[in-house]
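Visitor: The structure's right below; bear with me while I get my questions together.
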Amino acid sequence: MRNIMGSWGFVFGFFAVMILWAVVNTFFFVHVLHHKAFDPYPYILLNLFLSMMAGVQAAALLIAAKRADSISSEVALHTSTNTDDIKKLVQENTDLTEAVKKATDLLDEIHLHVTNIGKKVGAETGNFPPVTPKPHES
C-alpha cells in the first residue's frame, strides 16, 4: 500500500479522478445531458470520499511506521548481538595467536638447545663426520 500511495502515478491518478469527477458532474450531466448532477458544485460526496480516504491513509501510515520501527529495532538488536559475537571471536583469535607465538618461541629455544648439545657432544666425541649433501634421485 505504501509503494502504491507513495508514488507519482498515484498522485497524478488521484488528481485525474478528482478532475474527472468535477467535469462529469458539472459539464457532462448538466450541460450535455441536461440532467441534474449526482454531486453538484460544492462536491459534498467527493469531499466525503476524500475524508474517508484520508482516514484510511493515516491509519496505513501509522501501521507502516510501527512496522518500520519494529524492523529497525530488530536490526539494531541483531547488530549489537553480532558485535558482541565478533568481539568474542577476536579475543579468542588473539588468545590462540599468543599461544601459537609462545609455542613457536619454545620450539625455537628447544631447537637452539638441541643444536648446542649436538655441537658439544659431537665436538667432544668426534663422531660426527662432515655432512655431505646426497644427490637427488630422479
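Visitor: Given the criterion under 30 Å from Val17 (Cα atoms) and without any contact (Cβ under 8 Å) to a residue 12 or more places away in the chain, identify the matching residue among Leu77, Leu48.
Guide: Result of the check over Leu77, Leu48: Leu48.
Visitor: Just checking, which of Leu50, Leu45, Leu106 is more than 30 Å from Val11 (Cα to Cα), surrounded by 10 or more Cβ atoms within 10 Å (Cβ to Cβ) and modelled with pLDDT of 85 or more?
Guide: Leu106
Visitor: Does the range 55-76 contain at least one residue that is at negative phi and more than 41 Å from the chain's Cα centre (by Cα)?
Guide: No, because not a single residue in the range 55-76 is at negative phi and more than 41 Å from the chain's Cα centre (by Cα).
Visitor: Let me ask something additional. Is it the case, given these coordinates, that Thr81 is surrounded by 10 or more Cβ atoms within 10 Å (Cβ to Cβ) and at pLDDT 85 or above?
Guide: For Thr81, the condition - surrounded by 10 or more Cβ atoms within 10 Å (Cβ to Cβ) and at pLDDT 85 or above - is not met.
The values are calculated or read from the model by the stated rules, or taken from the named source; none is laboratory data. Given the structure is predicted, the values throughout are model-derived calculations rather than measurements. Here Cβ is always computed from backbone atoms with ideal geometry, including for glycine, and neighbour counts include all displayed protein chains.
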